[in-house]
Amino acid sequence: MKNTVRIAGAVLLTIVSSASQAETVVEAMQECRNESNDLKRLICFDNVAESMNIFAGADQSVDDVANARPAQAPVVAATSAPASSNTQAASAPQQGPTFGMEMNTESLQKSMSATVTEVSSSPRGDFIITLDNGMVWRQNGESANYKMKVGDGITIERGFMNAFYLTKEGRSGRVNVRRIK
């Protein structure tokens, strides 16, 4: 154990001295790239990165960073006039390009409806559908009797643990899908 620490220390000193002797970052990176030993090469790159202060502030705790940000209070407009349709549309979650692709957001849209514009199948026989809003969804798992065709109205609902379920209008049952695009 002691010998390992001594050897690692000697290697570290050698690499640090060779990296510090380099005149530019490019030369230091080239020296590291020429190192054949994986561990020595990694240590060399770490030393070059440290000398460039890439990781400055990395030792700050998450709480310190969170407290440094100014808290934003929600803005509430108090009006006595009835809300217009534009205001109502802005407050509702949008059927936008992120439905099915977002991660860990607070106000998630529960479902969306669309029309099928293209149907294809994967090499495994799963259907791949393109919707009128540009989204592309693929079937997960088996459901051989679930047929789709262009013009079908569908609804995609959010399930538990980021699962999504497709239901065809006028048909009972649903199939598990995932968003590709």
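The values are calculated or read from the model by the stated rules, or taken from the named source; none is laboratory data. All values reported here derive from a predicted model rather than from experimental measurement. Quick reminder, even Gly has a Cβ in these numbers, built from the backbone with ideal geometry, and neighbours come from all protein chains shown.
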Do you know which residues across the stretch 1-59 are among the basic types (Lys, Arg) and at pLDDT below 85? Lys2, Arg6
Scan Gly151, Gly125, Gly134 and give me the residue that is in contact (Cβ under 8 Å) with a residue 40 or more places away in the chain and part of a loop (DSSP other than H, G, I, E, B). Gly134
